[in-house]
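Notes for the one structure printed next.
The values are calculated or read from the model by the stated rules, or taken from the named source; none is laboratory data. As the structure is a prediction and not an experimental result, all values here were calculated from the model. Using ideal geometry, Cβ is built from the backbone for each residue, glycine included, and neighbour counts are taken over all protein chains shown.
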């Protein structure tokens, strides 16, 4: 089965084509700067294509993706109809079921309704679905929701202490995000530890532009740092993370509109807002190394909040087999990992700096010393492969 995995942002289309169930990646790439003069990057084996393309919208971008997959020396398909299924990343299922769903008009309408809860993410997800259904009409299209892995959260974890009517009428609750990433690294970490997933307890930590932490008990998520929206939890690239809701009310009373507060907390806060040099941890670490006080504070706050969540989830799990770091920062920023391990020494983490410095660029393994009471591992995430697996299982189950 040929499965094309699509991840659409407001101005981008990321894609990867898999041969399943062999889990072989045939090609991958992206169309960036959708909305005008865009750039297509396509990789297939040793072939690497990069060129400027006109992409006024997602439909045009998807046509370029199909052309890259079916034409030229780097093509892997004879025609678009060779694609059996398309897996779509959808950030929010809204108040509906978060189980993977074969997309029809009813499912698409539900995803549209979810835009009220994820206004930054669901609209481009919908645009990608519509463009792909037009480009590959004969394929099965499957929505894979970021929220799905967190369907196992108990009510005491997902419920907010707000009036019951807010929950029953307005669907206010914790949903969780980065689900495909947390699910993949939890399964992979269990494999590396030599334990069945259903007998593995982990704290998975996805650190990147968006960051989150999940408590995994016996292979299932039981708590998660993000909430009703991706803004709750850790300090992120441009998002504030945890914040007294009274701050929002205070700033509105000071004259800011809802839109201005939303803009500030989603796009002007986090590493950018505190450090003042950008939202990329590499830039923040560089500035901190040059003695910039605001950047140093941003690094300290980022690490502090990560460790605080790890400590909280350590307390609610019966045991912790490993802390698992992933995402762009978790996989590559060893200075951040070193600081995290140092703060976890009281829980039994023992640093192995030589391992830590070499565990970058896709490497996986422990970065703590052998025999440490609290092992810390790095496991590169593969959300696209997880989505392909989920889509393959979803369609296989339909044929039983």
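Checking the range 172-185 against the condition returns a match, with at least one residue being more than 18 Å from the chain's Cα centre (by Cα), modelled with pLDDT of 90 or more and either surrounded by fewer than 23 Cβ atoms within 10 Å (Cβ to Cβ) or closer than 30 Å to residue 68 by Cα (or both). Confirm whether residue 48 is surrounded by 22 or more Cβ atoms within 10 Å (Cβ to Cβ) and in the same structural domain as residue 127 (by TED's automatic domain parsing). So residue 48 does not fit the description; no. Here is the figure for the range 297-346: residues that are under 19 Å from residue 279 (Cβ atoms) and in a loop (DSSP other than H, G, I, E, B) total 1. Please go through the range 347-373 and give me each residue that is in contact (Cβ under 8 Å) with a residue 60 or more places away in the chain and either surrounded by fewer than 16 Cβ atoms within 10 Å (Cβ to Cβ) or outside any loop (DSSP other than H, G, I, E, B) (or both), ordered by number. Listed by number, the list holds a single entry, 365.
Out of the range 52-80, which residues are modelled with pLDDT under 90 and farther than 24 Å from residue 137 by Cα? Once the filter is applied, which keeps residues that are modelled with pLDDT under 90 and farther than 24 Å from residue 137 by Cα, the range 52-80 yields only 73. If you filter the range 49-73 down to residues that are assigned to a strand (DSSP E or B) and in contact with a helix residue (DSSP H, G or I) (Cβ under 6 Å, 6 or more places away or on another chain), you find that the one that is nearest to residue 8 (Cα to Cα) is 55.
Pick from the range 238-275 the residues that are within 29 Å of residue 327 (Cα to Cα), in a loop (DSSP other than H, G, I, E, B) and modelled with pLDDT of 95 or more: which of them is farthest from the chain's Cα centre (by Cα)? Filtering first and then ranking leaves 244. With the structure loaded, tell me whether residue 105 is surrounded by fewer than 16 Cβ atoms within 10 Å (Cβ to Cβ) and without any contact (Cβ under 8 Å) to a residue 40 or more places away in the chain or whether it fails that test. Considered against the rule, which asks whether it is surrounded by fewer than 16 Cβ atoms within 10 Å (Cβ to Cβ) and without any contact (Cβ under 8 Å) to a residue 40 or more places away in the chain, residue 105 comes out as yes.
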